[in-house]
1. Please state which one of ASP434, ASP393 is among the acidic types (Asp, Glu), more than 25 Å from VAL187 (Cβ to Cβ) and assigned to a helix (DSSP H, G or I).
2. Against the conditions (1) more than 21 Å from TRP102 (Cβ to Cβ); (2) in contact (Cβ under 8 Å) with a residue 60 or more places away in the chain; (3) of a type outside the set (Lys, Arg), where does ASP393 fall short? Just the number, please.
3. Among the residues of segment 119-129 satisfying the criterion of being crowded, with 21+ Cβ neighbours inside 10 Å and not hydroxyl-bearing (Ser, Thr, Tyr), which is nearest to GLU278 (Cα to Cα)?
4. What residue, among those in segment 148-166 that are of a type in the set (Val, Ile, Thr) and either crowded, with 19+ Cβ neighbours inside 10 Å or under 11 Å from LEU363 (Cβ atoms) (or both), is farthest from the chain's Cα centre (by Cα)?
5. Which residues, taken from segment 121-135, are touching a Phe, Trp or Tyr at 6+ places or on another chain (Cβ under 8 Å) and not basic (Lys, Arg)?
6. Are there any pairs with C-beta distances below 6 angstrom linking a residue in segment 477-501 that is under 29 Å from THR104 (Cα atoms) to a residue that is outside any helix (DSSP H, G or I), with the two at least 6 apart or on different chains, and if so which?
7. It is to be established whether one or more residues within segment 91-101 are acidic (Asp, Glu), in a helix (DSSP H, G or I) and either more than 26 Å from GLY142 (Cβ to Cβ) or in contact with a Cys (Cβ under 7 Å, 6 or more places away or on another chain) (or both).
8. Within segment 444-526, considering only helices (runs of 4 or more DSSP H) that don't extend past its boundaries, which have at least 2 residues that are farther than 20 Å from PRO205 by Cβ?
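The values are calculated or read from the model by the stated rules, or taken from the named source; none is laboratory data. Nothing here was measured: the structure is a model prediction, and the numbers come from that model. Please note: Cβ atoms are built from the backbone with ideal geometry, for glycine as well, and neighbour counts cover all protein chains shown.
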Amino acid sequence: MYRVLEQNLQSIVTHQLQPYLRNARTGLEKESLRVNTAGRLSQLDHPKVLGSALTHPWITTDYAESLLELITPPQQRATQALDFLLDIETFVYQQLGDELLWTTSMPCVLTGEDDIRIAEYGTSNAGRMKHIYRQGLALRYGKAMQVIAGIHFNYSFDEVFWQPWQSVQGNTDSLRQFRDAQYMALVRNLQRYGWLIIYLFGTSPAICKSFLGGRTPPEGMETLNQHTLYEPFGTSLRMGNIGYTNSKENKTGVNVCYNTLDSYVSSLRRAINTPCPEYAELGVKVDGEYRQLNANILQIENEYYSTVRPKQPLDGFEKPTDALDRRGIAYVELRSIDVNAFHPAGMTRRQLFFLEVFMHFCLLQESPWVTADEFHAINHNQMLTAHRGRDPDVRLMCLGENVLLRDKARELLQAMRPVAELLNAVHGEDCYTDCLDSQIQLAWNSGITPSARMLEEMHHNKESFFDFAQRKSLEHREYFLNRHLPDEQVQTFRQRAQASLAQQQAIESRAAPDFAAFLADYFAGTQEITKN
């Protein structure tokens, strides 16, 4: 089963390609809700001191005005990305006054959808489009699932790696075609084995009852106490049937194909351009006001939720599919990572090292095209792991057979050992085998996974989910408030914030086409839109 992996590892050693693996790039994106002193969702505007949510490269908002998103630029080492993330959050916290950043993926107490203010991005066409897109999401799916937070892990291999690797593989395609095919193979394996990340990293086995807004709890959920629901073997309810998933995929006709970059781009474009009668009934422009960008299956590419996305940085206000079509894949984004409530950054160094091992494993392991049956199995395994991952009897669908999750997890982790040893040699450190050993322990003992630890603390302290999350949030607030940033770094963050505000003001002061024309230009992919 791992013959191709073994051959690829041997080829890297034989042809001395280890140095080309040294400068892979890592970026992190972390979402966190701002909450007030009572632990309720903040109703305040995105703080001006943090800059413009429209134009700041590192500090923005996601769905809601209160949902902060902190973004690191790509770093040569994953730990550098984590350090950068800690510095951003330190700066943010030291500007927030009494507010907290909620330290779990599942949100705090919600007293209804009116609690959730859709993010505002100013009066420019670009800002209006971002806001209207979010209004469309509210109409189609409701607001609550949009304020679930997570961490995205962005990873790219050094560009100098691809040419010698192509030569070793005996591939005669263009370099870009080879690179794109390799990244798509990586994406398929990240999906194929992605349930493992949900098991190892999941930290959302419980929710506040208010999240359901009075709806009947899904089957399998139990009552922990007056205000908390949980699943006894749950790992990541965020990735389960209460999270932001494309549960209507078959009904609405979204059928995204990951076998080639062309098939991925064309299937997304098809969904973006195909009308949906159900969404048309909601209305697009009602009484002169836009309610959604269009009535198609997807308004834009980002509406399609996937655990992993192939990405290319955008040139101005460019569509993601156009960027991929024009320039190919530059990196992949893994989106299935819960915020780790046990660490101020939301992720540990060991978790990051393991993700690097996982990325290399998925690149070097055989990656056949995904059939319709396997795509069903991938979704089944992810959902099952989210809800019952720590059940010792739970079985996954793998190559047409039902196998115990715990056995498959141990097998995969053992298969990664030579990958970890390779990365140890590449970087002259032992951190990769060390981190693998720590994850293997979780495969042998589900009681020490983050999800189990969270439930154990709640049981031991007789806490609700809210009490646990607020306690951890307060602990992390103290950590950041006591953390020191050098004066020059603080100045850099302040200058970035001011520059972003000036940039937004400049955009809004320029003459621009009316919004309908802007939107038409955007979907047509014309270059004028980069000016707005």
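1. ASP434
2. Among (1) more than 21 Å from TRP102 (Cβ to Cβ); (2) in contact (Cβ under 8 Å) with a residue 60 or more places away in the chain; (3) of a type outside the set (Lys, Arg), the lone unmet condition for ASP393 is (2).
3. MET129
4. ILE148
5. Within segment 121-135, ASN125, ALA126, GLY127, MET129, HIS131, ILE132, GLN135 qualify.
6. Once the first residue is under 29 Å from THR104 (Cα atoms) and sits in segment 477-501, its partners that are outside any helix (DSSP H, G or I) give ARG477/LEU100; TYR479/PRO344; ALA497/GLY51; SER500/GLY51; SER500/SER52; SER500/THR55; SER500/HIS56.
7. Scanning segment 91-101, I find no residue that is acidic (Asp, Glu), in a helix (DSSP H, G or I) and either more than 26 Å from GLY142 (Cβ to Cβ) or in contact with a Cys (Cβ under 7 Å, 6 or more places away or on another chain) (or both), so the answer is no.
8. 465-481, 487-509, 515-524
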